[in-house]
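Before any comments, here is the structure.
The values are calculated or read from the model by the stated rules, or taken from the named source; none is laboratory data. This structure is a prediction, so every number in the text was calculated from the model and none was measured. Ideal geometry is used to build each Cβ from the backbone, glycine not excepted, and the neighbour counts take in all protein chains shown. Surface areas here come from the heavy atoms of the whole protein model, side chains and all, with no ligands, DNA or RNA. Shrake-Rupley method; radii C 1.70, N 1.55, O 1.52, S 1.80 Å.
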Amino acid sequence: MEEAMFDHVGITVRDLARSRAFYSAALAPLGIRELMEFEGAAAFGRDQPQFWIMRGDPSQPSPRTHVAFAATGRLEVDTFHRAAIGAGGVDHGAPGLRPHYHENYYGAFVLDPDGHNIEAVCHRAP
């Protein structure tokens, strides 16, 4: 079997089916959709793979990976946050300005079903 390789951010999850459903719902507001699947993994993106998830060893705890998505503006951050919470995510930092990170930083944080910290962020001025 040919091994699929993506030079993009990815995470290892305990339950691929649950994570696919979560990320499909949570990433849709960003225009990111599932593009392809292969044995034990799925790739998401707009026109080409930008993000992938892979099934891990169920006997091992899932790493608390930080996953960041660049949003085009505040509305996209807000929409992502609502969709991620609606898909079963846990609020880990509601949308808002955080000038101690960056002058124009606006972001939201959600924990996915495996406990990964997802950040949706934009750096555009108001």
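Annotations
- Of all residues in the stretch 38-55, those satisfying the criterion of being part of a strand (DSSP E or B) and touching a helix residue (DSSP H, G or I) at 6+ places or on another chain (Cβ under 8 Å) are A41, A42, F44, F51, I53, M54, R55.
- The residues of the stretch 67-115 that are open to solvent by 60 Å² or more (accessible area, probe 1.4 Å) and β-branched (V, I, T), listed by number, are T72, I85, V90.
- Of all residues in the stretch 46-59, exactly one satisfies the criterion of being in contact with a His (Cβ under 8 Å, 6 or more places away or on another chain) and open to solvent by less than 10 Å² (accessible area, probe 1.4 Å), namely F51.
- Given (1) modelled with pLDDT of 90 or more; (2) within 26 Å of H123 (Cα to Cα); (3) surrounded by 14 or more Cβ atoms within 10 Å (Cβ to Cβ); (4) in contact with a strand residue (DSSP E or B) (Cβ under 8 Å, 6 or more places away or on another chain), number of the condition R33 does not satisfy: (3)
- Residues (at pLDDT below 85 and either touching a helix residue (DSSP H, G or I) at 6+ places or on another chain (Cβ under 8 Å) or of a type outside the set (K, R) (or both)) located in the stretch 56-98: D57, P58, S59, Q60, P61, S62, P63, T65, H66
- Pairs with Cβ under 6 Å, 6+ apart, first in the stretch 9-22 and in contact (Cβ under 8 Å) with a residue 60 or more places away in the chain, second open to solvent by 60 Å² or more (accessible area, probe 1.4 Å): R14/P58
- The residues listed here are S62, S24; of these, the one that is assigned to a loop (DSSP other than H, G, I, E, B) and either under 20 Å from E119 (Cβ atoms) or open to solvent by less than 20 Å² (accessible area, probe 1.4 Å) (or both) is S62.
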